[in-house]
Structures are given as C-alpha cells and as structure tokens.
Amino acid sequence: MSETLPRVLCVDDEPNVLAAMERNLFDEFDVEVANSGEAGLQAIHQGERFAVIISDMRMPNMDGATFLSKAREVSPDSVRILLTGQADVESSIAAINKGAIFRYLCKPCSKEALVASINDAVRQYRLVRAEKELLATTLAASVKTLTEVLAMVAPWAFQRSAFAQSCVRHALVKLNWPDGWLYTIAAALSQIGCVGIPAEIVQADAAQRKLSEDEQRLLQEHPDVASRLVKCIPRLELVAEIIRHQAKEAATDAPIEVCRGAHLLRAALELERHATLGRLNVDRPAEILRTVRPALPEYIIKALADFRVNVTNVRNVYIRELTPGWVLDEDIRTTKGLMVLTKGHELTDTAISALQRLLAANAIKEPIRVR
C-alpha cells in the first residue's frame, strides 16, 4: 500500500468481518487487522501511528470499549470508532464515554457509511496532529526564551531543570510515550517557581541539612508557584499539573499524562539531587530511585537505570570546544568565586553560550574538565 494512505486498524474476533473490511477499504486506506483486543494493542505498539482505530464491541477477553480505552492511552491522537450490533443504548453510551469514541456505528454497516465515517475520522486526526505540531514548535521557542531568562536570574535553578530535561529525554527514548514534548517542557519549566529562592537554601535541602520554617515553606511552595505561572500559557494545562506534582504522586484519577509525567519528573529531580552532592557517579541510578518515597513505578526506574552510567573519558577542554551533551566534571566558578555551573551538569546550547559570554568578559578561566 502507498505510504500516503491513512493507516487504519480494524479489530474484530470474526475472521469473515475482518476479511470484508480489508476488501472494502484496501483501495482507500492502509488497512491492518487484528483478531482480538490484545492483538490490536500489539499492533498499535508496533510500526507507525494509526490515524483511525475501529473495533467491534463484543469480543472475548477484552470488549471493544475496554480495548479502545487502552488504545487511547498509548495512541491518544488516533481517532476511535466503535462498530457493534448491540442495540443496548446504555452500554453504547458507556463505551463512548470510556474510550472517547469519535463515532458509533451499528452493524450491519454499509461500505459507503463506513468509508464516510473513516474519512471524517481521518480529517479529525489530521486536524489534531497539525494543531499539536504547531503547538510543539511555537512553544519550543517560548520555553527556550524562558529557560534562558532563568539561566540569567537563577543559574542553580536552570541547572536543575536542564539536568531534569536530560533525564526525561533519556527515558522517553525507551518509554516511547506519545507527545513527549509535554514531559520535556514540564522538566524545562519545573524550577521557574524557584526564582527568588537563594541557592544556599536549595543546597542545604539537597544535603538534608535542617532548614527554618520559612525556608521549608519556600521550597514546598515553589512547584505550586511554577504551576500557576505555566497554567496561564494556553494549552499547557497538563504541563502545569505535572509540575505541580513534581514532589508528590498525582491523584489516581488524574489524566494519564499527569501521572506519568509526575513520576518521571520526580525521578529526574531525585537523580539531580544526588548529582549535585556528587553521589551519582558512585551509586547506580536504579539503586537511588528504588529508595524514593512514595515509591516510583518500576518502568520509570528501568528507563533511567543506565542514565550516565557509561559517561567516562575525562578531559580538559577549551570553552570553544564544548559540545551539548558533555557533562562537567568540576564546578565552574567566576574569578570572584561565584558558582556558575556545578559538577555533573550536562551542557546545553544555552549553558555553553553563557560560558562563552563569561569568558569574553574575563569572568571565568579555561580549560575546564568534562566527561
């Protein structure tokens, strides 16, 4: 089939129905079939994203409503259609609500009606994808500006968020979650509520030294402050909720993106705390994360288990040689002793640009030690 045809997944436990759907749709869509909900989920996990997912309601082991609900979790942009011979209105409404169904069709359904519904679903899918792609690209520039301001105003907070972004990007390669930009933006903006908090308070907290009540309040409130700021940006409501839960578990009924993102961000910031204390090179990340309370899901721990464990080859380099992704092997301070970047910080374009500006002003010396 041509790659330009919209991909459609048809799930039904009756071989004759699947054969008929393939026959009726093959010339207009790139059709894949599955004979059970389990097989359908496996197909979703493999290959390119489906524009439309069609499922029969009555299937053994996993009915259509349950399957489409699970499909929504792993491929939320795919538009879902429920095809069933049931006349039970109540169960149909429940199925629509449970799986966020785009269209409900009664069997038998004519080829014309089915094709028309699929075409409507494809248009909806393309609209959603175009909107998300535009959102991701426009927000990326805005977030970059905000993080650069954070780097100038509160370098230590920028370091935390940059480290968290490195963890999140590392994990997302393995987790293969849709809309990964949600989680990377949450990491990038997770510390903007820290502007105005002295670095000494954060360092004392990381080292688990006793803080005053006012200092503890500042640290406890910064996720809520950041969440309120981010929530003001259109379409970042889920990101704001992830940020709000960066130090705690989200409610069980929270959107799946919030639950996943909060776990991942909490894990990333725990590894950052150990890196700041110089412990990350000694302990394996998995061992660190298994001590976190409340406990983190095992799939998060596995996704970060090899984070930086193979970062070696220490060398001294000039600032003009720095490359994004390298990790500092020493603290970087100005000639007056002010902390710029801490050991364990992964270099980004923004961080390298800041070091170049400081070097031009003779505020730091080179070479610096990196891994």
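When every residue of segment 112-135 is checked against the conditions, at least one turns out to be acidic (Asp, Glu) and more than 23 Å from the chain's Cα centre (by Cα). Going by what's in this entry, would Ile118 be described as crowded, with 21+ Cβ neighbours inside 10 Å, in contact with a Phe, Trp or Tyr (Cβ under 9 Å, 6 or more places away or on another chain) and either without any contact (Cβ under 8 Å) to a residue 40 or more places away in the chain or hydrophobic (A, V, I, L, M, F, W, C) (or both)? Criteria met by Ile118. Restricting attention to segment 283-334, the residues that are among the aliphatic types (A, V, I, L, M) and over 23 Å from Leu264 (Cβ atoms) add up to 6. Filtering segment 337-353 to residues that are closer than 19 Å to Ala164 by Cα and surrounded by 13 or more Cβ atoms within 10 Å (Cβ to Cβ) leaves Val340, Leu341, Thr342, Lys343, Gly344, His345, Glu346, Leu347, Thr348, Thr350, Ala351, Ile352. Name the residues in segment 235-266 that are part of a helix (DSSP H, G or I) and small (Gly, Ala, Ser), would you? Passing the criteria: Ala240, Gly261, Ala262. Taken over segment 123-140, the criterion of being closer than 30 Å to Ile197 by Cα and open to solvent by 60 Å² or more (accessible area, probe 1.4 Å) is satisfied by Thr138 alone.
Taking the criterion of being within 29 Å of Lys132 (Cβ to Cβ) and either in contact with a strand residue (DSSP E or B) (Cβ under 7 Å, 6 or more places away or on another chain) or at pLDDT below 90 (or both), would at least one residue in segment 58-65 satisfy it? The answer is yes; a qualifying residue exists.
The set of residues in segment 57-77 that are more than 11 Å from Gly37 (Cα to Cα) and open to solvent by less than 20 Å² (accessible area, probe 1.4 Å) comprises Ser75, Asp77. Might you check whether a residue that is in contact with a Phe, Trp or Tyr (Cβ under 9 Å, 6 or more places away or on another chain) and open to solvent by less than 40 Å² (accessible area, probe 1.4 Å) occurs anywhere in segment 320-334? Scanning segment 320-334, I find no residue that is in contact with a Phe, Trp or Tyr (Cβ under 9 Å, 6 or more places away or on another chain) and open to solvent by less than 40 Å² (accessible area, probe 1.4 Å), so the answer is no.
The values are calculated or read from the model by the stated rules, or taken from the named source; none is laboratory data. All values reported here derive from a predicted model rather than from experimental measurement. Backbone-built Cβ (ideal geometry, glycine too); neighbour counts: all protein chains shown. In case anyone asks, the SASA skips ligands and DNA or RNA and just uses the protein heavy atoms, side chains included. Shrake-Rupley method; radii C 1.70, N 1.55, O 1.52, S 1.80 Å.
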